[in-house]
Amino acid sequence: MVLRIEFQDGECFWGGCSSNGTKNPYTKDSEYSADYRISTSNQTAPLFLSNFGRYVWSEKPFKVDIANGVMTLEGEDIISVNAGTCLKDAYLAAMNAHFPFDGKRLPDVFFKTAQYNTWMEFTYFPTQEGVLEYARNIVKHGFVPGILIIDEGWHGRYGDWRFDEQRFPDPKKMVDELHKLGFKVMLWVVPLVCPDGLFFMEHTFKYFPTSHKDAANLLLRNAENDVALVRWWNGFSAIVDLRKECDRNFLDAQLQALMDDYGIDGFKFDGGNVSMYHSSNMVNGTPRPDMMPTN
């Protein structure tokens, strides 16, 4: 379907993907085009909010074009709602209708002090001793400990959600010390899986002796039911298909094990944006029908 919305004099819309945040707000003089169905940043919402109290929403990604004082949206089940007279009215109406507050709130530690990240110190190459030295120096120099994110490189190959034993010989001991220093510990996680080796075989090949119970269905598949390979910024990988319950349960089990075994407090989720799942991004086989473009 196609929905056309004319800007009123003085009206502004905010929304879309975070990487285009500097282009906000959009007005009748703006020119903007993006297809959230195939290419976005990591943070995108199918939502636009107006300071005149109206909002645009869809349960699925859509294409948006803004030109000549008109916002044109193309997709499925897009709605435009007149909810009030101001931005607050628009947001509260959209929230109550589509993503109501469940009563849970982020822990205070997210706001009381800085969030520290090993990427700035080590990029792809953190080590146990390096992380501990980094944390000790934060405290030594008078900074208040808070959330410490151990970013990319703590793990083995992508999709093996366990600590690299060479870089992190005793991760439980490390996490315990970080807790004593006053830090909450989070790990960087992507839904990508290296498509070879023992870990991959154990979890995706049903005839392998120790295969996961859902081995025939895990991960994004092509029309031939082979594991699909997708491009991402670190190469080519299989990807957890979070539309499927078995994949959600599988990833949840890997993360729960990290919390149970090492005392990890939470996770920084990266990657997995919609463009990675799009048929145009697959590099092997024929896409499944539900992966085909909907233009």
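The values are calculated or read from the model by the stated rules, or taken from the named source; none is laboratory data. Since this is a predicted model, take the numbers as computed values, not measurements. A quick note on method: Cβ atoms are made from the backbone with ideal geometry, for glycine too, and the neighbour counts reach across all protein chains shown. Surface accessibility is based on the protein's heavy atoms, side chains included, excluding ligands, DNA and RNA. Shrake-Rupley method; radii C 1.70, N 1.55, O 1.52, S 1.80 Å.
Please report the projected area of the range 145-249's Cα convex hull averaged over all directions, in nm². Don't skip to the end; give the middle numbers.
Details: hull surface 32.9 nm².
Directional mean of the projected Cα hull area for the range 145-249 stands at 8.2 nm².
With bins 10 Å wide starting at 0, give me the P(r) of the range 68-138 over every alpha carbon pair, in whole percents.
13, 22, 20, 18, 20, 6
To test your reading of the geometry: what angle, between 0 and 90 degrees and rounded to tens, separates the Cα axis of helix 87-98 from the longest principal axis of the chain?
It works out to around 60 degrees.
The range 155-229: which chymotrypsin sites (Phe, Trp or Tyr not before Pro) are DSSP loop and have at most 11 other beta-carbon atoms within 10 angstrom? It would help to have the intermediate numbers written out before the result.
On the way: sites: Tyr158, Trp161, Phe163, Phe183, Trp188, Phe199, Phe200, Phe205, Tyr207; in loops: Tyr158, Trp161, Phe183, Phe205, Tyr207.
Loop-located and lightly packed - Tyr207.
Loop only by DSSP, 16 or fewer other Cβ within 10 Å of the Cβ. Give me the trypsin sites (Lys or Arg not before Pro) in the range 59-109 that pass, ordered by residue number. Write out the running numbers ahead of the final one.
Numbers: sites: Lys63, Lys88, Lys104, Arg105; in loops: Lys104, Arg105.
Counting only loop positions with at most 16 other Cβ atoms within 10 Å, the trypsin sites (Lys or Arg not before Pro) in the range 59-109 are Lys104, Arg105.
Over the chain, with every protein chain in place, what whole percent of the accessible area is carbon and sulfur at 1.4 Å, could you tell me?
Values: 8340 of 15640 Å².
Carbon plus sulfur share of accessible area: 53 percent.
Suppose we flag GluC sites (Glu not before Pro) only when DSSP calls them loop and at most 15 other Cβ atoms lie within 10 Å. Which is the longest uninterrupted stretch of the chain? Could you put the intermediate results ahead of the total?
Numbers: sites that count: Glu31, Glu59, Glu76, Glu165, Glu224.
Longest gap between qualifying sites, sites excluded: 77-164.
Hey, what's the Kirkwood Rh for the range 222-295 if you take every pair of different alpha carbons, in angstrom? Provide the component values of the computation, followed by the final result.
Values: mean 1/r = 0.0717 Å⁻¹.
That comes to 14.0 Å for the range 222-295.
Select one label from (i) 54; (ii) 37; (iii) 40: the one whose number is percent of Cα pairs over 27 Å apart as derived from the coordinates shown.
(i)
Distance between the C-alpha centers of the range 10-54 and the range 221-244? Whole Å please.
29
Rounded to the nearest 10 degrees, what's the angle between the helix 128-140 long axis and the longest principal axis of the chain, both from Cα atoms, 0 to 90?
Relative to the chain, helix 128-140 is tipped by roughly 70 degrees.
Which chymotrypsin sites (Phe, Trp or Tyr not before Pro) does the range 212-295 hold that lie in a coil by DSSP with at most 12 other beta carbons within 10 Å?
Details: sites: Trp232, Trp233, Phe236, Phe250, Tyr262, Phe267, Phe269, Tyr277; in loops: Trp233.
Of the chymotrypsin sites (Phe, Trp or Tyr not before Pro), the ones in loops of the range 212-295 whose Cβ has at most 12 other Cβ atoms within 10 Å are Trp233.
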